[in-house]
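To start, the structure itself, in structure tokens.
The values are calculated or read from the model by the stated rules, or taken from the named source; none is laboratory data. Predicted model only: the values in this text are computed from it and were never measured. Cβ coordinates were reconstructed from backbone atoms using ideal geometry, including for glycine residues, and neighbour counts include every protein chain displayed.
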Amino acid sequence: QEAKSRSFGYYDFGGVDAEKWPGLSRFKQGFGGMLFEYPPVIDIVYRPFMYAVYNTARKIL
């Protein structure tokens, strides 16, 4: 409602994953609009040891 009252041309609801969250995906798609598909994100690793530490910490926390 806030975006509509401000006359925004579009609003990004974020990602849609119909397999993991079918209900949420249907809710978002119910607003109409267009679905954009972006390529997957990849990590370019410059410091492999620090990247391993980061990934381990992310799994623990």
Hits in segment 30-59 - residues which are modelled with pLDDT under 85 and in a helix (DSSP H, G or I) = none
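Take segment 12-28 and flag every residue that is surrounded by 10 or more Cβ atoms within 10 Å (Cβ to Cβ) and at pLDDT 85 or above. If you could, list the steps in order and put the result at the bottom.
Just the residues of segment 12-28 that are surrounded by 10 or more Cβ atoms within 10 Å (Cβ to Cβ), to begin with: 13, 15-16, 18, 21-22, 24-28.
The answer is W21, P22, L24, S25, R26, F27, K28.
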task = Pairs only if they're at least six apart or on different chains, beta carbon under 9 angstrom, first in segment 32-61 and under 20 Å from V16 (Cβ atoms), second β-branched (V, I, T) and modelled with pLDDT under 85; list them, first residue then second.
result = L35/V16
